[in-house]
Amino acid sequence: MSEIVGAILVGGKSRRYGRNKALEVFQGESLIERQLRKVQALFPEVFIITNEPRDYLHLEVTILRDVIPGLGPLGGIYTALLFAQGKSVFVTACDMPFLQPAVVQHMVQLSKNNDVVVPEKEEGLEPLHAIYSARCLPHIRKMLDLGRFQVVSFFSAVKVCRLSQKELLEFDPRGLSFFNINTPDDMERARELLEELG
């Protein structure tokens, strides 16, 4: 999958968690280490995008600062695409500990004919577990310039493949891909889920 770069967004202030959740230990490794290991198993080239690079210098990975700081996830996606130099980017957040390789591999297949491949659950789209092609760059830049920072703001201008919940369940029957950790209670639930999974 060398035509796609992996990008892990480590943004936000972890306000609901109370401290930097990316460095919280889960199963003997930090959340960021776990996510990096999983993404590196899928893509030969991986970036971490953060405005606090010093926290992650111990990791063997390319660390990028947002090109335009303070614009949230859309700014992070923009940075990833700029540095991917014409390749597509699989974007994920650092706080999703149950990344499912089968789901990502299916998305990679779909990305060949689409500008964006994004899962769609009943609650809505999952733009922080999605693939973006280089063709998205000018449209993202336009939204950033307009001060529209929602990730989905540019979707109407590109070819988007929405992955239905039914299709997702074929590859992730437990629906764990998008479980994310925002609070210490979520971390406790993640540990329980891991025990259930054995």
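Close amide-amide hydrogen proximity is noted between A93 and L9, each under 5 Å apart and 5 or more residues distant or on a separate chain (H modeled in the peptide plane; Pro and chain starts excluded). Pairs spanning more than 19 Å between alpha-carbon atoms, out of K87/K159; K112/K159; K21/K121: K21/K121. Other residues whose C-beta falls under 13 angstrom from the C-beta of I131 contribute a net charge of +2, scoring Lys and Arg +1 and Asp and Glu -1. Most tightly packed first, judged by the mean number of other beta-carbon atoms within 10 Å of their residues, the peptides 34-43, 174-183, 137-146 read 34-43, 174-183, 137-146.
How much net charge surrounds V160 when only the other residues with a Cβ under 13 Å from the Cβ of V160 are counted, with Lys and Arg +1 and Asp and Glu -1? That works out to 0. Only Cα pairs under 8 Å and 6+ residues apart enter the sum, and on that basis the relative contact order of the stretch 4-197 stands at 23 percent. Counting other Cβ atoms within 10 Å, which GluC sites (Glu not before Pro) in the stretch 16-118 have at most 11 and lie in a DSSP loop? The qualifying sites are E60. The stretch between E170 and T62, if pulled fully straight at 0.36 nm per residue, gains 35.6 nm over its current Cα-Cα span. Put simply, the amide H of Y17, placed in the peptide plane, has no neighbours under 5 Å, leaving out anything fewer than 5 places away on its chain.
Just grab the label-to-label distance for N51 and F179, each label 7 Å out from Cα along the Cβ direction, in nm (one decimal). Label-label distance for N51 and F179, simple model: 3.0 nm. Multiplying the residue separation of Q85 and R141 by 0.36 nm and removing their Cα-Cα distance gives an extension gain of 18.6 nm. Say the dipole of the chain comes from +1 at the beta carbon of Lys and Arg and -1 at that of Asp and Glu; which of L176, S156, I32 then lies farthest toward its positive end? The listed residue farthest towards the positive side: S156.
Could you work out [θ]222 nm for the chain from helices alone, using -39500 (n - 2.57) per DSSP H run of at least four and dividing by all its residues? Round to the nearest 500 deg cm²/dmol. Show your work: numbers first, answer last.
On the way: 6 runs with 64 residues, N = 198.
It comes out at -9500 deg cm²/dmol, rounded to the nearest 500.
As an equivalent ellipsoid, the stretch 55-133 spans semi-axes of 21, 15, 14 angstrom, where each value is the square root of five times an eigenvalue of the C-alpha gyration tensor, largest first.
For the stretch 160-187, the residues whose backbone nitrogen is under 13 Å from a point 7 Å from the Cα of Q105, taken along Cα to Cβ, are 171-172.
Rounded if a/c is under 1.5, else prolate if a/b is larger than b/c, else oblate: which is the stretch 1-150, with a ≥ b ≥ c the root eigenvalues of its Cα gyration tensor? Intermediate results must be reported in sequence, preceding the final value.
Details: a/c = 1.43, a/b = 1.17, b/c = 1.22.
Rounded is the answer for the stretch 1-150, as its axis ratio a/c remains below 1.5.
In this structure, the residue pairs whose Cα-Cα separation is over 27 Å, taken from K142/K166; K38/K142; K38/K166, are K142/K166; K38/K142.
Each value in this text was obtained by applying a stated rule to the coordinates, not by laboratory testing. Note that the structure is predicted; figures quoted are calculated from it, not measured. In this analysis, Cβ positions are derived from the backbone assuming ideal geometry, glycine residues included, and neighbour counts consider all displayed protein chains.
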